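Comments concern the structure below.
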Amino acid sequence: MYKYVQEFKLYENIFIEPNIQSANYDGVIVLLYPPELNVGLPRQITSFVDSLSKIDNHIHKVPTVWSCDYVSGGRLVLSPTGKVTPYHDVGVIRDAVKKGMQRALDAGMKKPLLVITSVVDFPDGQLVGILGALEALYVPLQIREIKDTKNFIHIGFQSDEKVTDVFERVVRNALALEHSRIVARDIAGSDPERMAPAKIVEYVQNSFAGDSNITINVIEDEAVLAKEYPLLAAVNRAANHIERHKARVVEILYNSSNPNRVTETLLLVGKGVTYDTGGADVKISGRMAGMSRDKSGAAAVAGFMKACSILKPPHLKVTGVLCLCRNSIGEDSYVADELLTSRSGKTVRVTNTDAEGRLAMADSVFKFTEIAAKELNPHIYTIATLTGHAKACYGNHTAAMDNHSAKATNHSSKLQFSGFRMAEGIEISTVRSEDLAVNMGKCKGDDLLQYDTDAKSRNHQLAAGFLIKVGGLEDTNIKYTHLDIAGAAGAPPEEPTAVPILTLCHAHKVLI
Ligand SMILES: [Zn+2]
């Protein structure tokens, strides 16, 4: 059916190339840093670029293409970072490389060689830069499936005139991370039919096939879902009448090849609402467009599992769960005022069917809380495009919220540091007692409110408070961090960002 579908061949046709005059390339991309950073250019082109600088200062503003006999293919793309201030992070390198690679493709290059020297100010600049280059080459899954879109034949990366182990490791990490991000982008970016729950299951099973460190467990039986994931089942009630829109819960387990070396257990829950109409509280005035991205949390969890599958961190045991459902509108929609009973036994009064993400994840969080008690050094995460409020507060950055146990280890600060290193913005937000209290049931006998419709502020924090309460995390010492990626996940027409895969891989030392 999918004639052209193929995984990106990232390994076979990517090379480390020490010689910028090699005959194997049809052009070279070089980053131009501002003079104050003192980053040297390859010696072959130093005087060539110096003389260009004197003619036209504009080369420091936009990528330009030059005929140049001193490099492979006789074509040189100069891609400037522009001014770099103390407020910039390594994202300036990612963006410059991405633009340079796009310019090279526009120029017709099929075999570009990227020169990416190390820069003192940005310790992971080479890694992030290569990721920027690979990002430019990504073609969405549904486009790959309908036409042959190979946009390059091979690519080279050059750091220096000799190949070092350090640079080789950088390239290997970049390729593994890009593979992981392709998984996340494919799932998050495809339309709601191409990535309906069962289709996501099929994609995930294909993606991890043959890896003995990975086990996949799919829960699809309706009776089991209704009993063990009652809140997710309520969200999916209208969708459940359509065979292809039925809900799935997918558990992906990564086991270290050497269990004796495991020092940490990660338990990740991803919101995978394949389409969010808002439900009976339907999204109006055009606010529904783009809601196929409401599965970006589950997509990121799948991508993080892919990174573990490729890089095989010996010290981690990881379970990722994708909570896949669809918030449809129909005669069987769940509605406000219904009283649901969660897996934990706590009752939840529905108040707004558009606050479905917390319900989709709640029972999985509770299951993890129970499992975590028996695991070594556990840390539970929820990753979700959960609230417009997170976007209103932090723009295109992720809001990170620790519970009391994770806060005791300054976990969100560590994530923020990793985010800086990898050019993924993480903002630390605080869950306070009021954010837990606001979720208490108001009607006689109710345990919890799904969402306080009177709340005029703190919506992203109170969603974390709800998950802490419904997940049974209030009275335990289990570490828990909620990541609201509503602003960070990327909205159409931009490609999905696949956040926070890079941050998690950096923070939990998945990289080699
Ligand atoms: Zn919603």
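The values are calculated or read from the model by the stated rules, or taken from the named source; none is laboratory data. Quantities reported herein were computed from a predicted structural model and do not represent experimental measurements. When we count neighbours, we look across all protein chains shown, and the Cβ atoms used for this are built from the backbone with ideal geometry, even at glycine.
Computed values, structure above
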quantity: Residue in the range 5-14 that is of a type in the set (A, V, I, L, M), surrounded by fewer than 16 Cβ atoms within 10 Å (Cβ to Cβ), within 23 Å of Ile59 (Cα to Cα) and at pLDDT below 90 present; calculated: no
quantity: Any hit, the range 351-373, residues being modelled with pLDDT under 95 and more than 16 Å from the ligand (Cβ to nearest atom); calculated: yes
quantity: Entirely in the range 4-122, the strands (runs of 3 or more DSSP E) that have 1 or more residues that are among the aromatic types (Phe, Trp, Tyr); calculated: 14-16, 64-67
quantity: Every residue from the range 140-158 that is touching a residue at least 60 places away in the same chain (Cβ under 8 Å) and in a loop (DSSP other than H, G, I, E, B); calculated: Pro140, Lys147, Asp148, Thr149, Phe152, Ile153, His154
quantity: The range 318-338, subset under 29 Å from the mean Cα position of the chain (by Cα) and within 16 Å of the ligand (Cβ to nearest atom), residue surrounded by the most Cβ atoms within 10 Å (Cβ to Cβ); calculated: Cys325
quantity: Identity of the residue in the range 419-464, under 23 Å from the mean Cα position of the chain (by Cα) and of a type in the set (Ser, Thr, Tyr), that ends up surrounded by the fewest Cβ atoms within 10 Å (Cβ to Cβ); calculated: Thr430
quantity: Conditions (1) farther than 18 Å from Leu268 by Cβ; (2) buried (at least 21 other Cβ atoms within 10 Å of the Cβ): number failed by Ala400; calculated: (1)
quantity: Criterion (more than 23 Å from Tyr480 (Cα to Cα), surrounded by 15 or more Cβ atoms within 10 Å (Cβ to Cβ), among the hydrophobic types (A, V, I, L, M, F, W, C) and more than 16 Å from the ligand (Cβ to nearest atom)) met by exactly one of Ala247, Ala233, Ala223; calculated: Ala233
quantity: Condition met for Leu467 (crowded, with 24+ Cβ neighbours inside 10 Å, in contact (Cβ under 8 Å) with a residue 24 or more places away in the chain and aliphatic (A, V, I, L, M)); calculated: yes
quantity: Every pair of residues 6+ apart whose Cβ atoms lie under 8 Å, when the first sits in the range 255-283 and is of a type in the set (A, V, I, L, M, F, W, C) while the second is part of a loop (DSSP other than H, G, I, E, B) and away from the ligand (no atom under 15 Å from the Cβ); calculated: Val262/Ser256; Val262/Pro314; Val262/His315; Val262/Leu376; Leu266/His508; Leu267/Glu375
quantity: Matching option when the condition is within 13 Å of Tyr229 (Cβ to Cβ), assigned by TED's automatic domain parsing to the domain that holds Ala486 and surrounded by fewer than 24 Cβ atoms within 10 Å (Cβ to Cβ), among Thr341, Thr351; calculated: Thr341
quantity: Answer from Arg172, Arg185 - the residue that is among the basic types (Lys, Arg) and closer than 15 Å to Phe15 by Cα; calculated: Arg172
quantity: Per-region count, the range 153-171, residues closer than 20 Å to Ala104 by Cβ and out of contact with any helix residue (DSSP H, G or I) (no Cβ under 6 Å at 6 or more places or on another chain); calculated: 6
quantity: Checklist (1) out of contact with any strand residue (DSSP E or B) (no Cβ under 6 Å at 6 or more places or on another chain); (2) within 16 Å of the ligand (Cβ to nearest atom) applied to His315, failing item; calculated: (2)
quantity: Any hit, the range 151-174, residues being closer than 28 Å to Pro492 by Cβ, crowded, with 20+ Cβ neighbours inside 10 Å and not β-branched (Val, Ile, Thr); calculated: yes
quantity: Count of the range 482-512 residues which are under 21 Å from His404 (Cα atoms) and surrounded by fewer than 24 Cβ atoms within 10 Å (Cβ to Cβ); calculated: 2
quantity: Residue under evaluation Thr453, criteria (1) modelled with pLDDT under 95; (2) out of contact with any Ser or Thr (no Cβ under 6 Å at 6 or more places or on another chain), criterion not met; calculated: (2)
quantity: Thr387 being assigned by TED's automatic domain parsing to the domain that holds Ile329, modelled with pLDDT of 95 or more, within 13 Å of the ligand (Cβ to nearest atom) and among the β-branched types (Val, Ile, Thr); calculated: yes
quantity: Count of the range 33-63 residues which are within 22 Å of Glu17 (Cβ to Cβ) and without any contact (Cβ under 8 Å) to a residue 60 or more places away in the chain; calculated: 8
quantity: Residues being in contact (Cβ under 8 Å) with a residue 12 or more places away in the chain and more than 8 Å from the ligand (Cβ to nearest atom) - total across the range 284-300; calculated: 11
quantity: Where a residue in the range 187-211 is modelled with pLDDT of 95 or more and its partner, wherever it lies, is surrounded by fewer than 19 Cβ atoms within 10 Å (Cβ to Cβ) and among the polar types (S, T, N, Q), with Cβ under 8 Å and at least six apart; calculated: Ser190/Gln142; Asp191/Gln142; Arg194/Gln142
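Conditions (1) of a type in the set (Asp, Glu); (2) touching a helix residue (DSSP H, G or I) at 6+ places or on another chain (Cβ under 9 Å), marked per residue:
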position: Glu424; (1), (2): yes, yes
position: Val438; (1), (2): no, yes
position: Gly441; (1), (2): no, no
position: Asn459; (1), (2): no, yes
position: Ala491; (1), (2): no, yes
position: Leu502; (1), (2): no, yes
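Per-residue answers, yes or no, for (1) in a helix (DSSP H, G or I); (2) of a type outside the set (Phe, Trp, Tyr); (3) surrounded by fewer than 18 Cβ atoms within 10 Å (Cβ to Cβ):
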residue	(1), (2), (3)
Leu253	no, yes, yes
Leu267	no, yes, no
Lys271	no, yes, no
Lys283	no, yes, yes
Gly286	no, yes, yes
Ala298	yes, yes, no
Met305	yes, yes, no
